[in-house]
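Colleague: Below is a structure I'd like to ask you about.
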Amino acid sequence: MQPQSQPTHMFDRLMPIVQRPHEVFVRGEAAWLWDVAGRRYLDWLQGWAVNALGHCPKEIQQALATQSGLLLTPSPALHNQPSLLLAERLCQLSGMHQVYFGSTGAEANECAIKLARKWGRLHRQGAFEIITFDNAFHGRNLGTMAASGKAGWDQLFPPNLPGFAKARLNDLASVRERIHDRTVAIMLEPVQGEAGVRPATPAFLQALRQLCYEHGLLLILDEVQTGCGRLGSMFAFQRYGVTPDIVTLGKGLGGGVPISAVLTQQHCSVFEAGDQGGTYAGNPLMCAASLSVLQTVSQPAFLSHVDEMGRLLASGLTLLSARHGLGEVRGDGLLWALELGTDTAPEVVRQCRQQGLLVNAARPHCLRLMPRLNSTPEEVQEGLAILGRVMAAL
């Protein structure tokens, strides 16, 4: 091939994997981000629900500073103390039995898929197919893309990994129709975040748990976005009153640093040496940061505050929707969506950013809001005021 012309702007050095605005951010503190020009923004993206405690919380700063002076990583082939402590704490909080640590949510979901397939080989005569759902999002690896249900993804990188049957969320009959002798598991997000914050109903999730018991299947919950306090309980499955066989965590687990986890019940923890691994799996620096996050997020008073701020935000969004003739308000805790009624979400995002508020267009017709879990009433009211001004202008 002929050589191409070289990039002429520093932005062009990054692969164009997402449409980014031109602002360059240089500092964050609590609920706020500052760009290189010194302008301040109220951040309701928070790294796509990553920064559970906001930007640069003192807890994480201290944990990273202390651990970085002790041990960065000894190799995943050796034990380290922070990973042992974090695994123990997650099992205490969740009631699960064993943990694998990774770096991203996609990595955790890929691990869960592998674990289910091996369990099927050992205990279900080689069953390997996993029932997932339309509009689901499980990550951007080839396996997790195949498991996802985003429209058009099956055309991006063929040939696609086989072994995933798509059902419809909150439609139990569509799940029953897809169960056969090759089925090994059902995998879903308790709330479909990328689809526009679309929750499974408690009755549906509880029925799936019973269906898995009846057919000898594993129930895998992708809690990469909903786990670690985002919905006002430590894990979404506790809010729904179900116990999964496998649950995946990411995002808020690290509060801003890259760490993910797969939590399993003992009966399906079937990996042997060599089945799974990663250079940074359970490295002590990230585990120390995660321990500091859990120490705060797991407190009952903290989770009650998430609930309280969630109700405040939901009430404000409902009033805003009624005032401006918008659509449904969906969500729980501090994960919410606002339907706009038209495909104006990208323009709303742009105008909000101009007025100092960062929000996400989960769909062209839908905003997704993910404030820090320790948001204050004043921050919630300020964000709602900016949203109200933008809606009035539109």
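The values are calculated or read from the model by the stated rules, or taken from the named source; none is laboratory data. Predicted model only: the values in this text are computed from it and were never measured. Counting neighbours? That spans all protein chains shown, and the Cβs are built from the backbone with ideal geometry, glycine included.
Colleague: Just checking, which of Leu221, Leu231, Leu249 is buried (at least 24 other Cβ atoms within 10 Å of the Cβ), touching a Cys at 6+ places or on another chain (Cβ under 9 Å) and in contact (Cβ under 8 Å) with a residue 12 or more places away in the chain? Spell out how you get there, then give the answer.
Modeller: On the way: Leu221 fails: touching a Cys at 6+ places or on another chain (Cβ under 9 Å); Leu231 fails: touching a Cys at 6+ places or on another chain (Cβ under 9 Å).
On inspection, the qualifying residue turns out to be Leu249.
Colleague: Here's a follow-up. Here is a list: Leu373, Leu367. Which entry is touching a strand residue (DSSP E or B) at 6+ places or on another chain (Cβ under 6 Å) and either closer than 17 Å to Leu319 by Cβ or assigned by TED's automatic domain parsing to the domain that holds Ser304 (or both)?
Modeller: Leu367
Colleague: A further question on this structure: Assuming Asn80 fulfils every condition listed in (1) out of contact with any helix residue (DSSP H, G or I) (no Cβ under 6 Å at 6 or more places or on another chain); (2) crowded, with 19+ Cβ neighbours inside 10 Å apart from one, which condition is it?
Modeller: Checking Asn80 against (1) out of contact with any helix residue (DSSP H, G or I) (no Cβ under 6 Å at 6 or more places or on another chain); (2) crowded, with 19+ Cβ neighbours inside 10 Å, the one that fails is (1).
Colleague: Let me ask you something else. Name, by its number, the condition in (1) touching a residue at least 60 places away in the same chain (Cβ under 8 Å); (2) assigned by TED's automatic domain parsing to the domain that holds Met96 that does not hold for Gly331.
Modeller: The one condition Gly331 does not meet is (2).
Colleague: Turning to a different aspect of this structure: The conditions are (1) surrounded by fewer than 21 Cβ atoms within 10 Å (Cβ to Cβ); (2) touching a residue at least 12 places away in the same chain (Cβ under 8 Å), and Gly105 fails exactly one of them. Which is it?
Modeller: For Gly105, the failing item is (1).
Colleague: Is there a residue in the range 351-374 that is polar (S, T, N, Q), in contact with a Gly (Cβ under 8 Å, 6 or more places away or on another chain) and modelled with pLDDT of 95 or more?
Modeller: yes
Residue-wise test of (1) touching a residue at least 12 places away in the same chain (Cβ under 8 Å); (2) under 14 Å from Gly229 (Cα atoms).
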residue: Gly254; (1), (2): yes, yes
residue: Ala261; (1), (2): yes, no
residue: Thr264; (1), (2): yes, no
residue: Cys268; (1), (2): yes, no
residue: Glu272; (1), (2): no, no
residue: Thr279; (1), (2): yes, no
residue: Leu285; (1), (2): yes, no
residue: Ala289; (1), (2): yes, no
residue: Val293; (1), (2): yes, yes
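Colleague: Return the only residue of Glu328, Glu382 being among the charged types (D, E, K, R), modelled with pLDDT of 95 or more and either more than 24 Å from the chain's Cα centre (by Cα) or crowded, with 22+ Cβ neighbours inside 10 Å (or both).
Modeller: On the way: Glu328 fails: either more than 24 Å from the chain's Cα centre (by Cα) or crowded, with 22+ Cβ neighbours inside 10 Å (or both).
None of the other options fit; the residue is Glu382.
Colleague: Just to be sure, is Ala127 surrounded by 16 or more Cβ atoms within 10 Å (Cβ to Cβ), over 23 Å from the mean Cα position of the chain (by Cα) and in the same structural domain as Ile246 (by TED's automatic domain parsing)?
Modeller: Against the criterion (surrounded by 16 or more Cβ atoms within 10 Å (Cβ to Cβ), over 23 Å from the mean Cα position of the chain (by Cα) and in the same structural domain as Ile246 (by TED's automatic domain parsing)), Ala127 qualifies.
Colleague: Spot the failing condition for Asp181; the list is (1) in contact (Cβ under 8 Å) with a residue 40 or more places away in the chain; (2) touching a Phe, Trp or Tyr at 6+ places or on another chain (Cβ under 7 Å), and only one is missed.
Modeller: If we test Asp181 against (1) in contact (Cβ under 8 Å) with a residue 40 or more places away in the chain; (2) touching a Phe, Trp or Tyr at 6+ places or on another chain (Cβ under 7 Å), just (2) comes out false.
Colleague: Still on this model: May I ask you to say which residue of Thr243, Thr201, Thr248, Thr226 is within 20 Å of Arg330 (Cβ to Cβ), polar (S, T, N, Q) and touching a Gly at 6+ places or on another chain (Cβ under 8 Å)?
Modeller: Working: Thr243 fails: within 20 Å of Arg330 (Cβ to Cβ); Thr201 fails: touching a Gly at 6+ places or on another chain (Cβ under 8 Å); Thr248 fails: within 20 Å of Arg330 (Cβ to Cβ).
Sole residue among the options that is within 20 Å of Arg330 (Cβ to Cβ), polar (S, T, N, Q) and touching a Gly at 6+ places or on another chain (Cβ under 8 Å): Thr226.
Colleague: Looking at Arg323, is it charged (D, E, K, R) and closer than 21 Å to Tyr41 by Cα?
Modeller: So Arg323 fails the test.
Colleague: For the range 131-181, how many residues meet the condition of being in a helix (DSSP H, G or I) and more than 14 Å from Leu211 (Cβ to Cβ)?
Modeller: So the answer is 9.
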